[in-house]
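**Student:** My questions will all concern the structure given below.
The values are calculated or read from the model by the stated rules, or taken from the named source; none is laboratory data. In this text the structure is predicted, and so the values were computed from the model without any measurement. Here the Cβ is made from the backbone with ideal geometry for all residues, glycine too, and neighbour counts use every protein chain on show.
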Amino acid sequence: MNLRSLRNPPLNIARGKHAEATQDCRMIMPGRRYHLETAADERKNDRLLLKSVIQRNWSRVGSGVLEKADGKTEPCFVKQYIDRTGATHRDHLRYEHDGAQVAASALGEIVIVPALLLKDEQRLLNIFTQVELITVDELLREDEHAFWQYYPLLLERLADVLAQLEASTSLVDTSSLPVKVRDYRSRGLALNFKGFEIRNTGYHLPLTSCNGNSPTILPPVVMFDFVRPYLAPIEEAAAKLLISIGLLNWGKPLSRFIKGPDIDMLDMAHHYIGDWTHREALEAELAMQRGFRFDAIKGANRSESSLKKIGLRSIGHRYLGQLGKWVENHYE
Ligand SMILES: Nc1ncnc2c1ncn2[C@@H]1O[C@H](COP(=O)(O)OP(=O)(O)O)[C@@H](O)[C@H]1O
Ligand SMILES: [Mg+2]
């Protein structure tokens, strides 16, 4: 796993009402071996050998080896819910645990959902099967040609995922999930996740070489970082996908950010998944992203000059304006 690619641009994280002091939980460190504290008795003697860790905005992620009590070992992906400011987020640990379990049972036959191997509540750790993957946005930045080759097939798969989210309300037990009521018309409720978006989607490596031809087979698609599961109109799930596709150029590198949303990318997404949503759902999602993103720019990296922040703000404004226009042009 290329750890460098797991860094994300630092945000200035406001301490929310859920943040807790860190004293009850030590940051995990590379090179250490941890005896895991799990609820299940038979796993009591499992250990984690941590190889590397990267601090992201909301969590520390890393890779290591899970050494099971029976002597078997397994490479694993580890997430500890301590944010960049050092505050802990016990609620994130729980939501991600629930999301991973619900997603595995609902979507596990269509996409790869990394298995949740262990939860250590003491250390605030979720431990997943490590999957060799490249995220869709990494591929766009590293090999745009390959991105476009797989993109139509990916959209077809995402349409299947939406159908499955809609079907899941009767196929999986969703009785304990919160229901989000929205003030727009809907053809029905679907399973959804806070983290359901294109940046939490990738391809299992290695990518098959297509020698310049269009591939006819999609590499296995991986979805992760689902976070909190809930029920909401199906139009919201599709809107999260479409708007996040529209936001793929957001951020770094600046050359992409300045271009604004990629209209061809959006048009193709509209062709495959556009009918799953409508204008009200897209505008609601866009409004949410607008609030979230402007807070992020406001607080971006204390050391960044105000001039730079003003620049980012105006590029961001224009970007979201273009995305809003695209929505207006495609939806009544
Ligand atoms: N099971 C996994 N195996 C390998 N890499 C993973 C796995 N899950 C996530 N990743 C990688 O780690 C990155 C960060 O994980 P993610 O759960 O999305 O964290 P965040 O909540 O900070 O967005 C992902 O973009 C992906 O590249
Ligand atoms: Mg993520």
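**Student:** Which residue pairs have Cβ atoms closer than 7 Å, lie 6 or more positions apart in sequence or on different chains, and pair a first residue in region 273-286 that is assigned to a helix (DSSP H, G or I) with a second residue that is among the β-branched types (V, I, T)?
**Tutor:** Short answer, once both residue conditions are applied: W276/I234; R279/V327; L282/I243; L282/V327; E283/V327; E285/I243; L286/I243; L286/V327.
**Student:** Quick check on region 207-215. Is at least one of its residues modelled with pLDDT under 95 and of a type in the set (A, V, I, L, M, F, W, C)?
**Tutor:** yes
**Student:** From R199, R256, grab the single residue that is within 15 Å of ligand 2 (Cβ to nearest atom), basic (K, R) and under 30 Å from L312 (Cβ atoms).
**Tutor:** R199
**Student:** Is it the case that D173 is closer than 25 Å to Y230 by Cβ, within 16 Å of ligand 2 (Cβ to nearest atom) and among the acidic types (D, E)?
**Tutor:** no
**Student:** If you don't mind, there's one more thing I want to ask. List the number of the failed condition for H97; all other conditions in (1) over 15 Å from the mean Cα position of the chain (by Cα); (2) away from ligand 1 (no atom under 12 Å from the Cβ) hold.
**Tutor:** (1)
**Student:** Also, I was wondering about something else. Which condition number in (1) of a type outside the set (D, E); (2) at pLDDT 95 or above; (3) farther than 17 Å from K240 by Cβ is the one that V111 fails?
**Tutor:** (3)
**Student:** Are any residues in region 198-209 crowded, with 18+ Cβ neighbours inside 10 Å and more than 10 Å from ligand 1 (Cβ to nearest atom), and if so, which ones?
**Tutor:** I198, Y203
**Student:** Just to check your reading of the model, which residue among A190, A146 is more than 16 Å from ligand 2 (Cβ to nearest atom), surrounded by 19 or more Cβ atoms within 10 Å (Cβ to Cβ) and more than 17 Å from the chain's Cα centre (by Cα)?
**Tutor:** A190
**Student:** Another question about this same structure. Quick check on region 253-264. Is at least one of its residues assigned to a helix (DSSP H, G or I), farther than 25 Å from R7 by Cβ and either without any contact (Cβ under 8 Å) to a residue 40 or more places away in the chain or assigned by TED's automatic domain parsing to the domain that holds L139 (or both)?
**Tutor:** Yes - at least one qualifying residue is present in region 253-264.
**Student:** How about region 118-135: which of its residues are of a type in the set (V, I, T) and either in contact with a Lys or Arg (Cβ under 7 Å, 6 or more places away or on another chain) or away from ligand 2 (no atom under 16 Å from the Cβ) (or both)?
**Tutor:** Listed by number, the residues that qualify are I127, T129, T135.
**Student:** Among the candidates L165, L66, L124, single out the residue that is surrounded by 21 or more Cβ atoms within 10 Å (Cβ to Cβ) and more than 16 Å from ligand 1 (Cβ to nearest atom).
**Tutor:** L165
**Student:** State all residues of region 307-332 that are hydroxyl-bearing (S, T, Y) and under 17 Å from L248 (Cβ atoms); if no residue qualifies, say none.
**Tutor:** Scanning region 307-332 gives a single hit, Y319.
**Student:** To continue, here is another question. For Q322, only one of the following conditions fails: (1) over 30 Å from A167 (Cα atoms); (2) touching a helix residue (DSSP H, G or I) at 6+ places or on another chain (Cβ under 8 Å). What is its number?
**Tutor:** (2)
**Student:** I'd like to check which strands (runs of 3 or more DSSP E) are fully inside region 178-227 and have at least 2 residues that are touching a strand residue (DSSP E or B) at 6+ places or on another chain (Cβ under 8 Å) and more than 18 Å from L248 (Cβ to Cβ).
**Tutor:** Because the criterion is at least 2 residues that are touching a strand residue (DSSP E or B) at 6+ places or on another chain (Cβ under 8 Å) and more than 18 Å from L248 (Cβ to Cβ), the strands (runs of 3 or more DSSP E) in region 178-227 that meet it are 189-193.
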